[in-house]
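One structure is given below, encoded as structure tokens.
The values are calculated or read from the model by the stated rules, or taken from the named source; none is laboratory data. None of these values were measured; they are calculated from a predicted model. Methodologically, a virtual Cβ is constructed for each residue, glycine included, from the backbone with ideal geometry; neighbour enumeration extends over all protein chains shown. Quick note on the areas: whole protein, heavy atoms, side chains included, nothing else; ligands and nucleic acids left out. Shrake-Rupley method; radii C 1.70, N 1.55, O 1.52, S 1.80 Å.
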Amino acid sequence: MTETHAAQTEEGPVETRTQTRSGGRAGRRAKRSTAPTSISRPYIVRNLPPHDILSEESLVRIEDTADAILAEIGIEFRDDPAALDLWKKAGAEVDGVLVRFPKGLIHELLKTAPAEFTQHARNPANNVIIGGSNVVFAPAYGSPFVMDLDEGRRYGTIEDFRNFIKLAQSSPWLHHSGGTICEPVDVPVNKRHLDMVQAHVTLSDRPFLGSVTAEERAEDSIDMARLVFGKEFVEQNCVIMGNVNVNSPLVWDGTMTRVLRAYARANQGSVLVPFILGGAMGPVTVAGAIAQAHAETLAGCALAQLERPGAPVVYGNFLSSMSLRSGSPTFGTPEPASGSLVVGQLARRRKLPLRCSGNFTTSKLPDAHAMNEGTMSMLSAINCGANFVLHSAGFLDGLLSMSYEKFMMDADFCGSLHTFLDGVCIDDNALALDAFREVGPGNHFFGCDHTMRNYETAYFDSALADNDPFEKWQEGGSVDAATRANTAWKRTLADYQAPPLDPAIEGALNDFVARKKAASEDLWY
């Protein structure tokens, strides 16, 4: 049975569907894994506090080290004269492309950055608030390869890209459509951003990220958002964000700063992220890497405020380690996981929304190795207080591959984290005194009134886990988790329904994409 109701959007009413429970546990599990355009809630408001592990004294030492890096060593801002001019006018010391920052300058500039902001979706029911006690899950980002149990590892295509948007849109546990979920290498480099943004708009009604590979591509992404939301609305509200990376150590390159400034200029959000492999792009010691990242991120956030005071920014961090025997990157390891808790403390002290950690692994398969590392790093995101968790689903092979099966497994884990972050409710129903009175000593609670009232909502019920006895599992073919996930993603795509979109907006997007593609030759590099 399906209940249908209307949600008002800028394009008019949109039907949304709430699935009711029927058909036993297996039926409920199948519905949750494939329910079209369903969403549990637009974002999580956490009832569990983040973990603060360092003392005030230790935090001040890290901040002082970051200030010393900014004032004494400085950060290079390459190939962006406009950024250097902004820093000069703000009072920084500019020597060629090297910028040094007097103590207090960065912190003063950051006073205009919002502590939280709303990223609007084209369906307002799916708007997300980023910052505060809110948690937003988004898929993994940036993999050139995709992977599934049937075809193995291969280069991503625009069909794969669209498939992952459909899977995210169909998940009740992901709040955000993400960005470059995989790299569609069958589309020219200079034009693929058009297809990607168009896919996010047409196949999902959740918030999304735009292009960051060139300033003009960021501006195209923003222009496409204006077609969806209207120019005046975009001028006053965040409807799109760019995920921008520092070229660690201590370098902001012009491609990234021009993109950052393009989003800020349009009053749109920027997620500013150093990617530090300890021993390569930063020191091997966690505290040193955190201090470095703190300096790099704050400088990027401050530049956005110089471009447009009040522009939304997200304090980002991607700590990682490496094998010091081979030089290979490692993910999901304990040192960055505990370090992420410190990063959360630093972001809260600066009153900035936080993106940190995610479901990371170097495993080449959706196996125990993947879930071991992924759980370690995902729980660090939860416990550090991250507000925007990119890489929540699908990350495999050190981010080189986006896995269909792991996407489903990770999304299911995100579902359990909704319940985890809800904490423990204390009220008359939860304390269950009526159940004790009914059951008494030595009897069973399974059929009592309290159990019957609460059985559908008492516990998280995984869409993928098999909790049957061993014999029943064996009789059913001894199907493992990855194989169940393989079945689930195929069923989800088969059942997918695109969210309604105003034909006028869809037509305007088609015209924009066609015109932009016709204006330049294809470039494959």
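Determine, for each peptide in 508-515, 100-107, 270-277, the mean count of other beta carbons within 10 angstrom over its residues, then list the peptides with the highest first.
Going by the mean number of other Cβ atoms within 10 Å, highest first, we get 270-277, 100-107, 508-515.
Please list 210-217, 363-370, 88-95, 423-430 highest first by mean number of surrounding beta-carbon atoms within 10 Å per residue.
Going from most to least packed, we get 210-217, 363-370, 88-95, 423-430.
Tabulate in residue order the Karplus-calculated ³J(HN,Hα) for segment 316-328, using 6.51 cos²θ - 1.76 cosθ + 1.60 with θ = phi - 60°, rounded to whole Hz; enter x for Gly and Pro.
Working through the residues one at a time gives x, 7, 9, 7, 8, 10, 8, 6, 6, 7, 10, x, 6 Hz.
When you count, for each residue, the other Cβ atoms within 10 Å and take the mean per peptide, how do 340-347, 486-493, 116-123, 470-477 rank with the highest first?
Going by the mean number of other Cβ atoms within 10 Å, highest first, we get 340-347, 116-123, 486-493, 470-477.
At 222 nm, what value in deg cm²/dmol follows for the chain if DSSP H runs of at least 4 each add -39500 (n - 2.57) and the sum is divided by all its residues, to the nearest 500? Could you put the intermediate results ahead of the total?
Details: 19 runs with 225 residues, N = 525.
Calculated from helices alone, the mean residue ellipticity at 222 nm is -13500 deg cm²/dmol.
Please compute the Cα-Cα pair-distance distribution of segment 75-161 with 10 Å bins starting at 0, giving whole percents from short to long.
12, 22, 19, 30, 14, 2
Got a sec? What order do ILE39, ILE44 fall in by accessible area at 1.4 Å, biggest, i.e. largest, first?
Reading off the accessible areas and sorting them downward yields ILE39, ILE44.
Note down the accessible area of TYR141, probe 1.4 Å, to the nearest 10 Å².
30 Å²
With every protein chain left in place and a probe of 1.4 Å, what is the accessible surface of ASP434, to the nearest 10 Å²?
Rounded to the nearest 10, that gives 60 Å².
Compute and list, largest first, the equivalent-ellipsoid semi-axes of segment 93-222 from the alpha carbon gyration tensor, each √(5λ) rounded to a whole angstrom.
31, 22, 14
In the neighborhood of HIS107, defined by Cβ-to-Cβ distances under 14 Å, what is the net charge if each Lys or Arg adds +1 and each Asp or Glu adds -1?
With Lys, Arg at +1 and Asp, Glu at -1, the net is +1.
Just checking my list (i) 0.96; (ii) 1.12; (iii) 0.98 against Rg/Rh (Cα atoms, Kirkwood Rh) computed from this structure; which label fits?
The listed entry that was calculated here is (iii).
Can you tell me the relative contact order of the chain? Whole percent, Cα pairs under 8 Å, sequence separation 6 or more.
That works out to 19 percent.
Could you tell me what percent of the DSSP beta bridges with both partners in the chain are antiparallel, to the nearest 5?
Antiparallel bridges: around 50 percent, rounded to the nearest 5.
List the lysines whose alpha-carbon lies under 21 Å from that of LYS517, not counting same-chain residues fewer than 8 positions away?
Qualifying lysines at Cα under 21 Å: LYS191.
Lys/Arg Cβ at +1, Asp/Glu Cβ at -1, dipole of the chain taken about the Cα centre: which of ILE75, PHE407, SER377 is farthest positive-ward?
ILE75
Taking a 20 Å limit on the Cα-Cα distance, which of the listed pairs LYS364/LYS406; LYS89/LYS231; LYS166/LYS516 fall beyond it?
Working: LYS364/LYS406 11 Å; LYS89/LYS231 30 Å; LYS166/LYS516 25 Å.
Cα-Cα > 20 Å for LYS89/LYS231; LYS166/LYS516; rest within.
Working out 0.36 nm times the residue gap between SER328 and GLU108, then minus their Cα-Cα distance, what length gain in nm do you get to one decimal?
Here the segment from SER328 to GLU108 would lengthen by 75.3 nm.
How big is D for segment 319-428, in µm² s⁻¹ as a whole number, if Stokes-Einstein is applied with the Kirkwood radius of its Cα pairs at 20 °C and 1.002 mPa s?
148 µm²/s
Whole angstrom only: what separates the Cα centroid of segment 79-130 from the Cα centroid of segment 366-383?
32 Å
Can you send over the carbon and sulfur percentage of the accessible area for the chain, probe radius 1.4 Å, protein chains only? Each step should come with its number before you reach the end.
Values: 11930 of 21850 Å².
The computed percentage sits at 55.
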